[in-house]
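Engineer: Attaching a single structure in structure tokens format; questions to follow.
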Amino acid sequence: MQVVYTPAHLGHDIALETYMGVPVPANEVAERAERIRTALEADGGFAFAAPTEHGEEPITAVHDAGLVRFLEIAWSELRAQGIPRSFLAADTYPNVAMFEGMGEETLPRMRREPSQIGGRSGFWGLDTAAPLVAGTYVAARGAVDVALTTVDLVLGGERLAYGLCRPPGHHAARSMYGGYCFFNNAAVAAEAMVRATGERVAILDVDFHHGNGTQQIFWRRGDVRYVSIHAHPDRQYPFFLGRADETGEGPGSGENLNIPLDAGTSNEAYLRAVDQALESIAAVPGSVLVVSLGFDTYGLDPIGDFALTTDVYHEIGRRVADLGRRLVILQEGGYHRPSLGENARAWLRGAEGRSFDPLPAGGFTPGGSVV
Ligand code: SP5
Ligand code: ZN
């Protein structure tokens, strides 16, 4: 299998994020992608390719150009405004209630980007957990190019290909970044495939969190079906979207399927949700599926609360490939660093129809040690 990877992600070098106002060690760190790269290299069955530059146009096909401009200048502007911080995160966000009672004709006029960089960050951001640093923009552009190069491989005839995207993407909406995400890699990829093939495209999101950004981008679209299995937002991020009654509107009516799950979800319960998701995808005509692949569903993940094990990732990959569609597989979350490489290897080998043999040495043992 071809794997698309770029070291550009290393410049998005994060040490801290904030959790309910308090700085804590960051979860979405460079080591994640390096763990996966190392494990796939050691496997021997994966061929690495560098991304090619695809420019800004495929990004503005799904994102507001203002978001792109903000992310491009945010770091230099933080410095220009003389704010001595190691990362940029907002403290004030435009809560919808701030605008309560204002009329439809007034509201668009009230949507104004301030000049102070903290305010600008709040204007475009969802939360404090996506710290922006000097190399963030170049890394985020790199992740989009990884996704689009993965699309190119599949359009060029590969049955499946894997884009090792970092930073991840599925929380980023048309005009918003957040949740460790800056550009929505999977949405950019799906849109590029719709435009290249004229076919309908489905997106299967198996990250632990609901992909609110992907849902928002395709909410009214009849040509892209979004199916997500995730933690119920009543108890987990992103809290305000991800419930089962969110099904799309207009031409997109019925094209959005959310499958929220309980804390402690087992392999068996998760596989039942996978089968339900795949049934919905099989009903969509078209030959390509984009997979938003997260491993924060793993039992030991520090921010997840499901109970999945490595062998079930092999089975999920196998069932997804059994649909018979070509697969553009893009990395999203997953924060238990010692297991990430083995979990990715298991999933991708399952999708390729290869058996999964845990590494005899150098692998991760669920007892908690890296041997
Ligand atoms: C792409 C992706 O997986 N984004 C996830 C963003 C989650 N952001 C909020 C994380 C909150 C972590 N809370 C830790 C609680 C530990 N008890
Ligand atoms: Zn996640």
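The values are calculated or read from the model by the stated rules, or taken from the named source; none is laboratory data. None of the values given here were measured: they were computed from a predicted structure. Quick reminder, even Gly has a Cβ in these numbers, built from the backbone with ideal geometry, and neighbours come from all protein chains shown. Side chains are part of the model used for accessible areas, which takes the heavy atoms of the whole protein and leaves out ligands, DNA and RNA. Shrake-Rupley method; radii C 1.70, N 1.55, O 1.52, S 1.80 Å.
Engineer: So if I check each of ALA186, ALA190, which one is modelled with pLDDT of 95 or more and within 15 Å of ligand 1 (Cβ to nearest atom)?
Structural biologist: So the residue among ALA186, ALA190 that is modelled with pLDDT of 95 or more and within 15 Å of ligand 1 (Cβ to nearest atom) is ALA186.
Engineer: Separate question: Just to check your reading of the model, which residue among GLU77, GLU104 is part of a loop (DSSP other than H, G, I, E, B) and more than 16 Å from ligand 2 (Cβ to nearest atom)? Working first, answer last.
Structural biologist: Values: GLU77 fails: part of a loop (DSSP other than H, G, I, E, B).
Among GLU77, GLU104, only GLU104 is part of a loop (DSSP other than H, G, I, E, B) and more than 16 Å from ligand 2 (Cβ to nearest atom).
Engineer: Could you tell me which residue of region 157-197 is most open to solvent (accessible area, probe 1.4 Å), considering only residues that are part of a helix (DSSP H, G or I) and of a type outside the set (A, V, I, L, M, F, W, C)?
Structural biologist: So, considering only residues that are part of a helix (DSSP H, G or I) and of a type outside the set (A, V, I, L, M, F, W, C), the one most open to solvent (accessible area, probe 1.4 Å) is ARG195.
Engineer: If you take the residues in region 220-267 that are in contact with a strand residue (DSSP E or B) (Cβ under 6 Å, 6 or more places away or on another chain) and of a type in the set (A, V, I, L, M, F, W, C), which one is most open to solvent (accessible area, probe 1.4 Å)?
Structural biologist: ALA244
Engineer: Now, a different point. Does ILE217 qualify as being open to solvent by less than 50 Å² (accessible area, probe 1.4 Å), within 16 Å of ligand 2 (Cβ to nearest atom) and β-branched (Val, Ile, Thr)?
Structural biologist: no
Engineer: Okay, next question. Can you name the residue in region 316-371 that is β-branched (Val, Ile, Thr) and open to solvent by 50 Å² or more (accessible area, probe 1.4 Å) and is also modelled with the highest pLDDT among such residues?
Structural biologist: Checking each candidate, the answer is THR365.
Engineer: I'm trying to understand the selection: among the residues of region 99-118, which are more than 30 Å from VAL133 (Cα to Cα) and hydrophobic (A, V, I, L, M, F, W, C)?
Structural biologist: Residues satisfying the conditions are PHE99, MET102, LEU107.
Engineer: Follow-up. So ARG166 clears everything in (1) closer than 18 Å to VAL68 by Cβ; (2) within 16 Å of ligand 2 (Cβ to nearest atom) except one condition, right? Which one?
Structural biologist: For ARG166, the exception is condition (1).
Engineer: Looking at region 326-348, which of its residues are more than 15 Å from ligand 2 (Cβ to nearest atom), of a type in the set (Lys, Arg) and touching a Lys or Arg at 6+ places or on another chain (Cβ under 9 Å)?
Structural biologist: Scanning region 326-348 gives a single hit, ARG326.
Engineer: Moving on. Within region 234-241, identify whether any single residue is among the polar types (S, T, N, Q), modelled with pLDDT of 95 or more and in a loop (DSSP other than H, G, I, E, B), and answer yes or no.
Structural biologist: Step one: of region 234-241, the residues among the polar types (S, T, N, Q) are 236.
Of the ones still in play, those that are also modelled with pLDDT of 95 or more are 236.
Subsequent filtering for residues that are in a loop (DSSP other than H, G, I, E, B) retains 236.
Yes, region 234-241 contains at least one residue that is among the polar types (S, T, N, Q), modelled with pLDDT of 95 or more and in a loop (DSSP other than H, G, I, E, B).
Engineer: Could you tell me whether any residue of region 52-63 is touching a residue at least 24 places away in the same chain (Cβ under 8 Å), within 14 Å of ARG141 (Cβ to Cβ), polar (S, T, N, Q) and surrounded by 14 or more Cβ atoms within 10 Å (Cβ to Cβ)?
Structural biologist: No.
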